[in-house]
Amino acid sequence: MATAKISSDKFLNRELSWIEFNARVLHEGLRADVPLLERLTFLSIVTSNFNEFFQVRVASIKRLLKNAPGAKDISGLTPKQQLRAISERAHEVMAAQQECLKTQILPALAKEGFVYKRPENFSAAQKEFTEDFFKNQVLPLLTPLRTDTEQFPQIVNLKYHAAFLLKPIANIRTMNEAFEAKPGVPLVALVQIPDTIPNLIWLPGEKPNVKEFATLADLVIKYGTWLFAGFEVKQSLLFNVARDADFAVDEDSGENFVQAMQEILVQRQSSFAVRIVCNKTSSELQKFLANKLNLTTQDVYAFEGLVDAATLCEISDAEDTARLKNEKWQHFENAALPQEGAYWDTLKQRDVILHVPYESYQSVVKFLEDAAEDADVLSIKMTLYRTGRSSPIITALKKAARNGKQVTALVELKARFDEELNIAWAEELERAGVIVVYGLVNLKVHAKIMMVIRREQDTFKRYIHLSTGNYNPKTARLYSDISLFTSNHEIANDATKFFNIVTGYSALQTMKYLSMAPVDLKSKLLMMIQREIELSTPETPGLIMAKMNSLADEQVISALYRANRAGVRVMLNIRGICMLLPGVKGMSENIKVVSIVDRYLEHARIFYFQNGVSPEIYLASADWMPRNLDRRIELMFPILSDEVFAEIKHILEIYFDANTNIFELQNTGAWKALRPKPGEEPRRAQKILYEEYKARNERNKTPKTRFAVRRK
């Protein structure tokens, strides 16, 4: 796939860089050497990523086009130019996704015994089965909506709908003359596809070891004609609409914040339309819907025989699919933490890092559960951004409160698309006696920190957990993150100050080790880049290695360009957006940017600064983006233990040494998939890390040698 021009001379466009990340995800779905259902998962991720992208980023640019059409971003593009370039590249990526689904995934599934059948290919038995299924289980749930009314029907955000273009059958009397066609006004009805029924419908089959299926949407299109007695269905269309989700509560309004957030969730379902995805069965209905939704042709994404990757993913739940998935990787126990008993004594002696999902997130859950049960624990404080459903973290916090601990949870209600769940958690925690704080006005609390205060002898001891990722056990099985357990006194002092600042009325206080956005995290980063510049010499050039999700801050990028000109080597491993342009002579020839896409989503933020002969490593909840550095509460924390330092540096070096499942950003803005050179062994970072943790686990299971003592 070609890459559109996405940059000025210095900065890549943020939105187009993000689309290129999705092109890298799609690339994994296109690989024939990836297990079939894993390929399907990658293609489904492309769909969900684009859904969010259009709801948030494209919606914000459309709003900018209306309010400030001449404004330019740092790549030099106006809103109109951005929207045109986004549409062009997004159409290419989504078309390639659909082509892969139809010409590669579906035929490959058929070879494996999972056959997709469209209604026109149903056998007599399948036609009888689907008619009965539709009549008894689907039809009662459908609500056809007229569109020739004064108010156009609400098309719910991201829900699939069927549109039907109707024509009255001659000499058939209708119940209401208003149903008759008005001159120049097409008779169009809309039907929402119900989401209370599985999207995948298994069909009766005649062949052994072959499972045939249809989709619910296909059945609604096929048999939806039954909804319109007295009318002929001339044309039909399957579609969904993405709506604006880029708006938030006016936090200075003084209104009830939770109630205001709930109102925002309702508004999101009927906000202005941003994009329509549909099949190509009716150009007339396409134009009709685009006109009604105030969308242009570049906002319409129409594909021949539209296939929903998420629907196909339901095949994973069928029997006999393990052979079509990745080999299962274990989540090993952390070698540094005791398998029995609480962690207190261990953490008094040393710092411990946890690298999920290679190591089990159960260590974090156990740490909190032990605190909830321990009679000597007096208080627990933590931040919650995304916790997931059925969370053992929430259960442990409620238990702690009921056991008489003072429990404080800072729940960020503004975590986009998790607002409703977080409101429910907050209310549940409050009922259990937890002190719940609803974040800060105009700042999202994105920091991940937990503090346990325990009575020990005649004093208090504080145990701290800091993480690059959320307190979410589900995503901790899919996202690669690193967290730190420590009882370091100075870090504990900083943690205490942090909680006082974000939950009360404390003035900003100087912290010794923790850096906090938007206070001093960005200035600390810029200072360390400048320090690298000053210490760099031709004989001993400076070195910065950084791993993060996104790089989009203009000041940080400019500082990295200055470092490049001073001879500092800059190595960046960036999963998603990168607005820095590497490999440009005189600006960035010493900067290398790579990106890993593999079975786990890379989420950890790790920053290494050589600092002459005194190297430093930091972990953080923040990416190098304006929103993280200027508009969120974030934390960056140093690695002080020599042993832990060596371990994290080793992890970082593995990420940069990979030669497969990795892409390198070119000075054109294009990403190139790297491959092992002839005769070179493949080095896949995630596989290497897994094997190392597996070997460590095997060593720990080996019984220790016992020496018998000979006695008289």
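The values are calculated or read from the model by the stated rules, or taken from the named source; none is laboratory data. Values in this document were obtained by computation on a predicted structure and should not be read as measured data. Please note: Cβ atoms are built from the backbone with ideal geometry, for glycine as well, and neighbour counts cover all protein chains shown. Keep in mind that these areas ignore ligands, DNA and RNA; they rest on the heavy atoms of the full protein, side chains included. Shrake-Rupley method; radii C 1.70, N 1.55, O 1.52, S 1.80 Å.
Based on what the data block shows, is Glu616 open to solvent by 10 Å² or more (accessible area, probe 1.4 Å) and closer than 14 Å to Ala685 by Cβ?
When the stated conditions are applied, Glu616 does not pass them.
Which of the residues spanning region 630-646 are of a type in the set (Asp, Glu) and within 17 Å of His465 (Cβ to Cβ)?
Within region 630-646, just Glu634 meets the criteria.
I'd like to verify a number: residues in region 472-489 that are at pLDDT below 95 and either in a helix (DSSP H, G or I) or open to solvent by less than 10 Å² (accessible area, probe 1.4 Å) (or both), how many?
1
Checking the conditions here, which among Leu354, Leu337 is aliphatic (A, V, I, L, M), within 30 Å of Phe645 (Cα to Cα) and in a loop (DSSP other than H, G, I, E, B)?
Criteria check complete, one pass: Leu337.
Okay, residues lined up against (1) in a helix (DSSP H, G or I); (2) open to solvent by less than 40 Å² (accessible area, probe 1.4 Å):
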residue	(1), (2)
Lys524	yes, no
Glu532	yes, yes
Pro541	no, no
Ala546	no, yes
Ser558	yes, yes
Gly576	no, yes
Ser588	no, yes
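Out of the residues in region 667-679 that are open to solvent by 60 Å² or more (accessible area, probe 1.4 Å) and outside any strand (DSSP E or B), state the one that is farthest from Leu581 (Cα to Cα).
Gly679
Every residue in region 25-34 that is farther than 20 Å from Ser87 by Cα and either in a helix (DSSP H, G or I) or open to solvent by less than 10 Å² (accessible area, probe 1.4 Å) (or both), please.
Matches in region 25-34: Glu28, Gly29, Leu30.
Could you say which residue among Gln330, Gln349 is of a type outside the set (Asp, Glu) and free of Cβ contacts under 8 Å to residues at least 24 places away in the same chain?
None of the other options fit; the residue is Gln349.
Could you check Trp329 against (1) in contact with a Leu (Cβ under 9 Å, 6 or more places away or on another chain); (2) in a loop (DSSP other than H, G, I, E, B) and say which number it fails?
Tallying (1) in contact with a Leu (Cβ under 9 Å, 6 or more places away or on another chain); (2) in a loop (DSSP other than H, G, I, E, B), Trp329 fails exactly one: (1).
If a residue has to be in a helix (DSSP H, G or I) and either touching a residue at least 40 places away in the same chain (Cβ under 8 Å) or under 18 Å from Met636 (Cβ atoms) (or both) to count, how many in region 560-574 make the cut?
2
Would you mention how many residues in region 35-67 are in contact with a helix residue (DSSP H, G or I) (Cβ under 6 Å, 6 or more places away or on another chain) and either open to solvent by less than 30 Å² (accessible area, probe 1.4 Å) or without any contact (Cβ under 8 Å) to a residue 60 or more places away in the chain (or both)?
Total meeting the criteria: 13.
How do the pairs read when you match residues in region 118-136 that are β-branched (Val, Ile, Thr) with residues anywhere that are in a helix (DSSP H, G or I) and at pLDDT 95 or above, using Cβ under 7 Å and keeping only pairs 6 or more apart or on different chains?
Once the first residue is β-branched (Val, Ile, Thr) and sits in region 118-136, its partners that are in a helix (DSSP H, G or I) and at pLDDT 95 or above give Thr130/Leu219.
Name every residue in region 455-471 that is touching a helix residue (DSSP H, G or I) at 6+ places or on another chain (Cβ under 7 Å) and either without any contact (Cβ under 8 Å) to a residue 40 or more places away in the chain or part of a strand (DSSP E or B) (or both), in order of residue number.
Across region 455-471, the qualifying residues are Arg462, Tyr463, Ile464, His465.
For region 472-518, which positions are without any contact (Cβ under 8 Å) to a residue 60 or more places away in the chain, of a type in the set (D, E, K, R) and closer than 19 Å to Leu640 by Cα?
Glu490, Asp494, Lys512
Would you confirm, using the coordinates I've provided, whether Glu373 is farther than 30 Å from Glu698 by Cβ, at pLDDT 95 or above and open to solvent by 10 Å² or more (accessible area, probe 1.4 Å)?
When the stated conditions are applied, Glu373 passes them.
Could you tell me whether any residue of region 648-661 is among the acidic types (Asp, Glu), open to solvent by 20 Å² or more (accessible area, probe 1.4 Å), modelled with pLDDT of 95 or more and closer than 29 Å to Asn13 by Cα?
yes
Among Ala401, Ala426, Ala409, Ala447, which is within 21 Å of Val364 (Cα to Cα), touching a strand residue (DSSP E or B) at 6+ places or on another chain (Cβ under 6 Å) and part of a loop (DSSP other than H, G, I, E, B)?
None of the other options fit; the residue is Ala447.
Which condition does Ile394 not pass, out of (1) open to solvent by 10 Å² or more (accessible area, probe 1.4 Å); (2) modelled with pLDDT of 85 or more; (3) assigned to a helix (DSSP H, G or I), if it passes all the others?
(1)
Out of all the residues in region 8-24, which are open to solvent by less than 20 Å² (accessible area, probe 1.4 Å) and over 17 Å from Val593 (Cα atoms)?
The answer is Glu15, and nothing else.
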